[in-house]
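Notes follow the structure.
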């Protein structure tokens, strides 16, 4: 071939073109951002969407940046989105899943509040999303009978898999390593899963080995003030809010329900005419129409309130409210109408409508009116660990809470002026229907405690709640009366005595035994008074540092309820209610039972804890006949021997069945011992 003459322009152009083609072959394909993946491959199904079809982020432009921060090249590792219902939180989660399944494969964990919700999300969102998207359908294994690759809670695809679990399942949260995590409605998750920690912390712990490659999405509407997981994560991030321009003056601002400085409402309307609701511009005072959203939403932008936070840019947090809901969805008139209805219910004494509005529309945590103790304030006044029982302890009592799978017990030392010391907190992880569970409790009841001034004390009274495993509690307490063990049952309501000395009998065929009634609300009032005392002395509660080290949520459980006004049988009463449903409160219950045990001791010696008693007057051994009588042991070693199981005919009279052995009585033979 004759070479082309030097200097010919067509040869030079051909060489440059060939060079570009060769270089292009070695360049990586451009990576799609998550928002681009959503608009390309995410299809909303008509079974659950008002507007089925491909995603159109032009109507909800505020979803684009939270999605893009989930892209692999973005430095953010945790993306937090705190918003109202029906604003697009689930769409962000679906876009995240589509990106992982279709383009950035790896192991992914999706956590909902319950296993039932996980199944519903899989059936009515995930499966339909995969079905309606050709690209995703080609990636996920086809569902077949007896196939392990595609089940309700597990989807496999080339390079990874997707697992769905409920937040209450500790095994599901700790049994896998994953690169991606999606936490849906985090405020509905259980606070502490089988003493292993919160579901959020457990899920995030599965990503440790992936380092900077991990991505986490946390979405939720906030619930309770001071106990909101999503609000706490939002405050850890850079706290981004969506700024929009005024259609009249063009000044940017954040849409707010009320002005944080003046308290004036930004959304206004004539009373009784919510259809005339208008938003008032912060700068020029112009009234915006609901239809103006079509103009100012596309021009909006996310701006961080605290760019100095976010742990070096690794936590990006976003907050939005229902004022940003696009035209055709939840309007300002709907918002005004719901607000009026909520306020009408408040006048009738019902705050639930107002709570729902604040949580699900304003996307703010709700502070219910009432009295409560800040757990952080209690945690800041811990005592150093002590080797021996402090000399101020005059009497030791125990409160036991019974659950279906464990016992929880607090050992409390009581001193003059009702000064209290938490000596130990024990969790017996064993079924209360097993004898070894109660044997372990025996060891705690009979334990000898040495005081700093040389005395030997033992529990003078033990109260065991009979709300769960009732017959097992009755049988246990019946054979340990002389050890001061009493079965109790909590009785709610105001003006109930802390300790009712009358013995109650359970005469039903199902549960037979004796118990004492404890006024739980009255006891919680007394405990609340003690928790408000901030200086050592009368009514002060001493907690050694080792207790919260062993049980990190100990103070959260102790302050799990607040005193509020509520309506019962048409009357307004004041009592104790959980701050949030599902929050653990076993510590509070055991403290209430221990305090009731102390009151049972004082009934035999009126005013014993109210005055400065001498140490040698302190009760050191459990009463022999009733909780109101306290006696001294003859010597330190005079401890009761273990009792033999009584010759009873069991739970069901006439059946001849022993509760513990599940066998009938044997003639001529000793019965099983405890």
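Brief remarks follow.
- Sorted peptide list for 74-86, 459-471, criterion being average Cβ within 10 angstrom, highest first: 459-471, 74-86
- Summary of packing: across the peptides 337-345, 550-558, the per-residue average of other C-beta atoms within 10 Å ranks them, highest first, as 550-558, 337-345.
- Summarising the label geometry, the points placed 7 Å from Cα in the beta-carbon direction at residue 114 and residue 213 lie 3.7 nm from one another.
- Stretch gain in nm, segment residue 436-residue 545, where the contour uses 0.36 nm per residue and the Cα spacing is subtracted: 36.3 nm
- Rounded Å value of the spacing that divides the Cα centres of region 267-345 and region 64-111: 23
- Beta bridges by DSSP in region 376-615, antiparallel share as percent, to the nearest 5: 65
- Three-way shape call for region 451-525 based on the alpha-carbon gyration tensor, with the a/c threshold at 1.5: oblate
- What the Cβ-Cβ distance of residue 482 and residue 345 gives, at R0 = 51 Å and to the nearest 0.05, is a FRET efficiency of 0.40.
- Overall form of region 198-254 per C-alpha gyration tensor (a/c, 1.5; a/b vs b/c): oblate
- The peptide list 354-366, 588-600, put in order of mean Cβ contacts within 10 Å with the highest first, becomes 588-600, 354-366.
- Gained length - residue 135 relative to residue 51, 0.36 nm times residue gap less alpha-carbon distance: 28.1 nm
- Extended-chain gain in nm, criterion 0.36 nm per residue less alpha-carbon gap, residue 496 and residue 289: 68.9 nm
- For region 376-615: rounded, prolate or oblate by the Cα gyration tensor [a/c cutoff 1.5]: rounded
Read-outs: derived from the displayed coordinates by stated rules, not from any lab. Model, not experiment: these values are computed from the prediction. Here the Cβ is made from the backbone with ideal geometry for all residues, glycine too, and neighbour counts use every protein chain on show.
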